[in-house]
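**Q** This is the structure, below, for whatever I ask next.
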Amino acid sequence: MRFHEFSNGDRMPLLGLGTWKSARGDVGEAVYAALALGYRHLDCAAIYGNEEEIGAALRRAFDEGVVSREELWVTSKLWCNRHREEDVELGARASIEALGVEYLDLYLVHWPVAVRFDVVGPSGPEDFLSLDEVPLEETWAGMTAALELGLTRHIGVSNYSLERLRSHAQLASPPEVIQVELHPYLQQRALVEGSQALGVLPTAYSPLGSMDRPEAMKSEDEPLLLEDEAVAAIAAEQGASPAQVLIAWAIQRGTAVIPKSVNPGRLAENLAAAQVTLTGAQLERLAGLDRHFRFVTGAFWERAGGPYPVAELWGE
């Protein structure tokens with residue numbers, strides 16, 4: 001397993017288990033099975049609605065000696081209704097309590113979008129707070145306070161543009177991780193290289209094409225990354241699966257990657273991808289697949305009269 005080492009000596013495994021879309025009733029067993037297989041990095045979030053079940057699986061794994069808390073990297077994310085400075089601590093403490101841990105290893109601002117405290121999923125423009133009302137710098141002040149309180153050992157952002165990341169990089173406690181959608185169809189080279197130049201680790205979500213995301217987030221005739229001919233050919237050359245090729249590609253770029261599964265066989269297969277080494281020629285072929293295609297467009301934030309048009313969200 002490859003790791004990213006932070007300035008304080010903490011090491012984050014580059015391959016982790018994503019838990020978005022992992023349903024209640026399935027996610028606990030999947031997390032326990034993953035820990036038993038050797039996963040040591042879990043990516044969680046308050047909005048996923050499954051942190052309590054993950055917490056129960058963690059307690060079981062700790063009690064049975066499968067893993068210790070010190071061996072484990074746990075990430076969670078601040079939801080958009082906790083963006084005011086004084087509310088960030090509430091968000092962090094709620095995830096800590098649900099997960100049954102004393103601290104988080106990494107806490108991320110989930111989206112650069114703010115909604116009212118009493119709203120989870122906005123239904124109209126009146127549910128949003130603009131970035132003039134709640135600037136991202138205010139949210140970041142709350143994140144920095146959570147760091148100083150010891151609620152988390154590291155802080156970062158998710159779904160930020162490079163321009164927004166650069167603005168935060170000038171602050172006293174800059175982000176250490178940026179989590180964004182990354183895969184051969186959406187390689188975001190400028191964002192990845194720009195982040196790395198700032199000393200910020202990119203983490204790839206939806207690395208396999210997010211085929212199981214909600215139907216409302218899908219478009220007609222969208223490409224199927226796991227069925228791409230070039231990916232399949234490289235998998236055959238490697239004696240690996242297409243998923244393993246995609247995970248290995250992410251790791252060899254120097255990014256972290258968090259594929260999701262609740263299937264024990266696929267959990268083992270994905271973990272074994274850390275042992276796959278793609279050749280230079282194979283990496284070049286994958287580099288040629290970039291089509292700037294987003295599986296997670298962020299269009300669910302766009303409302304008529306609302307403050308978050310998609311083009312501004314990504315800085316494009």
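The values are calculated or read from the model by the stated rules, or taken from the named source; none is laboratory data. Nothing here was measured: the structure is a model prediction, and the numbers come from that model. Please note: Cβ atoms are built from the backbone with ideal geometry, for glycine as well, and neighbour counts cover all protein chains shown.
**Q** I'd like the residue in the stretch 97-152 that is assigned to a helix (DSSP H, G or I) and in contact with a Phe, Trp or Tyr (Cβ under 7 Å, 6 or more places away or on another chain) and, out of all such residues, is farthest from Val180 (Cα to Cα).
**A** Once the filter is applied, the top-ranked residue is Ala146.
**Q** Right, next: Out of Leu99, Leu72, Leu37, Leu15, which single residue is closer than 24 Å to Ser161 by Cα and of a type in the set (A, V, I, L, M)?
**A** Leu15
**Q** Could you tell me whether the stretch 247-260 includes any residue that is under 17 Å from the mean Cα position of the chain (by Cα), at positive phi and buried (at least 21 other Cβ atoms within 10 Å of the Cβ)?
**A** The answer is no; no qualifying residue exists.
**Q** Considering every residue within the stretch 249-271, establish whether at least one is in contact with a helix residue (DSSP H, G or I) (Cβ under 8 Å, 6 or more places away or on another chain), aromatic (Phe, Trp, Tyr) and farther than 29 Å from Ala33 by Cα.
**A** No: the stretch 249-271 contains no residue that is in contact with a helix residue (DSSP H, G or I) (Cβ under 8 Å, 6 or more places away or on another chain), aromatic (Phe, Trp, Tyr) and farther than 29 Å from Ala33 by Cα.
**Q** Let me ask something else. If I ask for residues that are part of a helix (DSSP H, G or I) and either loosely packed, with under 14 Cβ neighbours inside 10 Å or among the aliphatic types (A, V, I, L, M) (or both), which ones from the stretch 194-204 would you list?
**A** Listed by number, the list holds a single entry, Ala197.
**Q** What number of residues within the stretch 18-70 satisfy the criterion of being in a helix (DSSP H, G or I) and of a type in the set (Gly, Ala, Ser)?
**A** 10
**Q** Going through the stretch 288-307 one residue at a time, which ones are assigned to a loop (DSSP other than H, G, I, E, B) and within 30 Å of Trp249 (Cα to Cα)?
**A** Gly288, Leu289, Asp290, Arg291, His292, Phe293, Arg294, Phe295, Val296, Thr297, Gly298, listed by residue number.
**Q** Here's a follow-up. Ala240 versus (1) assigned to a helix (DSSP H, G or I); (2) surrounded by 16 or more Cβ atoms within 10 Å (Cβ to Cβ); (3) hydrophobic (A, V, I, L, M, F, W, C): which is the lone unmet condition?
**A** (1)
**Q** In the stretch 220-237, which residues are over 26 Å from Gly280 (Cβ atoms) and either without any contact (Cβ under 8 Å) to a residue 12 or more places away in the chain or assigned to a helix (DSSP H, G or I) (or both)?
**A** Result: Glu220, Asp221.
**Q** Only one of Arg60, Arg11, Arg69, Arg84 is closer than 23 Å to Arg116 by Cβ and either surrounded by fewer than 21 Cβ atoms within 10 Å (Cβ to Cβ) or under 18 Å from the mean Cα position of the chain (by Cα) (or both). Can you tell me which?
**A** Answer to the selection: Arg84.
**Q** Now a separate question. Go through the stretch 173-217 and count every residue that is farther than 27 Å from Ser7 by Cα, touching a strand residue (DSSP E or B) at 6+ places or on another chain (Cβ under 7 Å) and among the polar types (S, T, N, Q).
**A** 1
**Q** Let me confirm something: among Glu148, Glu193, which residue is under 18 Å from the mean Cα position of the chain (by Cα) and not hydrophobic (A, V, I, L, M, F, W, C)?
**A** It is Glu193.
**Q** Just the residues that are in contact (Cβ under 8 Å) with a residue 60 or more places away in the chain and surrounded by fewer than 16 Cβ atoms within 10 Å (Cβ to Cβ), please, taken from the stretch 269-296.
**A** Matches in the stretch 269-296: Ala287, Asp290, Arg291, His292.
**Q** While we're looking at this one, here's another question. Report yes if Leu78 is in contact (Cβ under 8 Å) with a residue 24 or more places away in the chain, of a type outside the set (Ser, Thr, Tyr), touching a Ser or Thr at 6+ places or on another chain (Cβ under 7 Å) and on the phi < 0 side of the Ramachandran plot, otherwise no.
**A** No: the conditions fail for Leu78.
**Q** Kindly indicate whether Ser210 is under 22 Å from Thr19 (Cβ atoms), polar (S, T, N, Q) and surrounded by 21 or more Cβ atoms within 10 Å (Cβ to Cβ).
**A** Yes: the conditions hold for Ser210.
**Q** Residues to consider are Ser130, Ser123; find the one that is modelled with pLDDT under 95, surrounded by fewer than 21 Cβ atoms within 10 Å (Cβ to Cβ) and within 18 Å of Phe300 (Cα to Cα).
**A** From the options Ser130, Ser123, the qualifying one is Ser123.
**Q** If I filter the stretch 303-310 for residues that are within 21 Å of the chain's Cα centre (by Cα) and within 18 Å of Ile247 (Cα to Cα), do I get at least one hit?
**A** Checked the stretch 303-310: no residue is within 21 Å of the chain's Cα centre (by Cα) and within 18 Å of Ile247 (Cα to Cα).
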